[in-house]
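The next block holds one structure in the form of structure tokens; read it before the comments.
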Amino acid sequence: MGLFAARGYHGVSMDDIGTAAGVTGPALYHHFAGKEAMLVAALNPVSEGLLAGGRERVAAAGGDPRVALEQLVDFHVDFALANPAVIALHLHELDRLPDEPRREIRRLQRRYVEEWVTVLTTLRSDLTDGEARVLSHAAFGLMNSTPFLGGEVDRTRRATLLRAAALRALLG
């Protein structure tokens, strides 16, 4: 995943991937049909994990939408700080996938967003679903900025800043 994120889909060969994995490029064909299949195998579980993790946080909040929102933000900030290469890969390479796997990943992403929309509209009756969706995507933009952040601020402080900014964006 790191190679794709650093050099882009077209900048990485099967031999490059094999070398990074400690095998020959052709050996990878025993497990994957090609680079597209590897990219799908890297990206699909991420979207599945975000959806499952988001649902778990909402359920753990016990019906309190403020707690649910805070837990969703904490979850996503932790994910974003731990996985900047994954975020970069999603941002730059998702459209390179064949139609069906790309649609499935987008479907999972939309379902994750809808978890946020439901919590946000429950918490803020002044918002329509569409408005909550706009705010959710704006918060994702803040939280998913991690591939572009330098190391001049330590991780704990970055988490605090991203969390506060996302909550302000969502709560007004």
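Given +1 at the Cβ of Lys and Arg, -1 at the Cβ of Asp and Glu and no other charges, the dipole of segment 34-171 around its Cα centre is 120 debye to the nearest 20. Look at where the Cα atoms of segment 46-65 and of segment 114-172 average out, and the two centres are 15 Å apart. Computed over protein heavy atoms with a 1.4 Å probe, the carbon and sulfur contribution to the accessible area of segment 84-148 reaches 54%.
Measuring with a 1.4 Å probe in the full set of protein chains, what accessible area per residue, in whole Å², belongs to segment 21-172? Don't jump to the answer; show the numbers that get you there.
Values: 7850 Å² over 152 residues.
With all protein chains present, segment 21-172 gives 52 Å² per residue.
From Cα pairs below 8 angstrom and at least 6 apart in sequence, can you work out the relative contact order of segment 34-171, rounded to a whole percent?
Details: 121 pairs, mean separation 42.5, N = 138.
Answer for segment 34-171 is 31 percent.
If you take the Cα atoms of segment 43-114, find Rg, then find the Kirkwood Rh from the mean of 1/r over all pairs, what is Rg/Rh?
Working: Rg = 13.2 Å, Rh = 12.9 Å.
Here Rg/Rh amounts to 1.02.
The C-alpha atoms of segment 34-171 occupy a region whose extents along the principal axes are 47, 37, 25 Å, arranged from largest to smallest. Among Val119, Val134, the order of accessible area from largest down is Val134, Val119, computed with a 1.4 Å probe on protein heavy atoms.
The values are calculated or read from the model by the stated rules, or taken from the named source; none is laboratory data. Nothing here was measured: the structure is a model prediction, and the numbers come from that model. Reconstructed Cβ throughout: ideal geometry from the backbone, glycine too, with neighbour counts over all protein chains shown. Surface areas here come from the heavy atoms of the whole protein model, side chains and all, with no ligands, DNA or RNA. Shrake-Rupley method; radii C 1.70, N 1.55, O 1.52, S 1.80 Å.
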